[in-house]
Amino acid sequence: MSVNDAMEAARYNPVASNVYHLFTRENPSRSQPLVVNNVELLTQSNFRGNRRTIILIHGWMNSATSDFNTVLVPAFLAAEDVNVIVVDWSAGANALNYRTVIANTLSSGAAVASFIDWLNQAAGSTPVQYHIVGHGFGGHQAGIVGRNVQGDITYITGLDPALIGWVNNVNRFNPQDGRYTEVIHTNYGINGYLGDLAQVDFYPNGGISMPGCDSNACDHARSFFYFAESITTGGFTGRQCLNYYAAILNMCNLLPGRLQMGGLRPKIGQTGVYLLETNPAPPFSMG
């Protein structure tokens, strides 16, 4: 980073700027604010420490109201009685300079981890109850949160984690960031990361050009549409590949392994790369 980049990143203080929006089945459309160290606000909210908690982290130039959240919040609440917390780190995500956004991704991830640690202490919940989901730059941030939380997050999902600035970055999504980690690649080499990043990596339609899409932005967004459908209806059976090269070349007919993409429950113990095909419009799953 240049001096100017560092100065720009220093202006973002995630502890003060990040906003945490709680959604539950009691308040599915209007969020309740959660503020670190504010126990009274937490007590007055619908957060329940005995539920699973979903943490959603948006990507570059996005916010709490972006499609990523408007698609996934209702999907999770329809599928299960959970706490859904939308992290709005738009104060750090809306920088035009990608080096600044990367620095902000790291500092925001550390701040979100501290927020989760406080939440667990105040509400009596544990990291085992958490599923962290991030898109784009938020995909890498999901991993950063997982490795900074006190304890092991059970389930971390990266939805087309970003490519630019992350190829040689040691802070990128890592297979060991949670007890089970999974990545869905839908626009590799452009908006999304090319190689495998998690314990299990899925490459729908080869990972770059999605049926029914006519832009890279559409391809990039398909990751969270596919994931939302996997939560509510299941489906999306992947065929095991030798490696990610085989997946992007659509050459995955030799190995017998099959695995469901996404879903509510972590597939702890599973590893590998998987290929699957989708329909061009909902329902996207072909089974």
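What follows is calculated from the coordinates using simple rules that are stated; it is not laboratory data. The structure displayed is predicted, hence computed values, not measured ones. In this analysis, Cβ positions are derived from the backbone assuming ideal geometry, glycine residues included, and neighbour counts consider all displayed protein chains.
Each of Gly49, Val73, Ser107 was scored by the projection of its Cα onto the charge dipole of the stretch 31-119, and the greatest displacement toward the positive side belongs to Ser107; charges sit on the C-beta of Lys, Arg, Asp and Glu.
Every Cα-Cα pair in the stretch 169-268 was counted, and those over 22 Å apart are 27% of them.
Net charge in the neighbourhood of Val82 (other residues with Cβ under 11 Å of its Cβ; Lys, Arg +1, Asp, Glu -1) is +2. Stretched out straight at 0.36 nm per residue, the stretch from Leu41 to Thr237 would grow longer than its current Cα-Cα span by 66.4 nm.
Out of every Cα pair in the chain, what percent are spaced more than 30 Å from each other? Distances greater than 30 Å cover 25 percent of the Cα pairs.
Placing +1 on each Lys and Arg Cβ and -1 on each Asp and Glu Cβ, with no other charges, gives the stretch 3-201 a dipole about its Cα centre of roughly 220 debye. Of all the Cα-Cα pairs you can form in the stretch 19-89, what percent are over 20 Å apart? Value for the stretch 19-89 (Cα pairs over 20 Å): 23 percent.
Since only Leu163, Asn62, Ser29 are under comparison, the one whose Cα sits farthest along the positive direction of the charge dipole of the stretch 3-201, derived from C-beta charges on Lys, Arg, Asp and Glu, is Ser29.
Relative to the longest principal axis of the Cα atoms of the chain, the long axis of helix 67-79 makes an angle of roughly 90 degrees. Sorting Met251, Met261 by the number of Cβ atoms found within 10 Å of their own Cβ, with the fewest placed first, yields Met251, Met261.
Per residue, the chain reaches -10000 deg cm²/dmol at 222 nm when only DSSP H runs of four or more residues are counted, each adding -39500 (n - 2.57).
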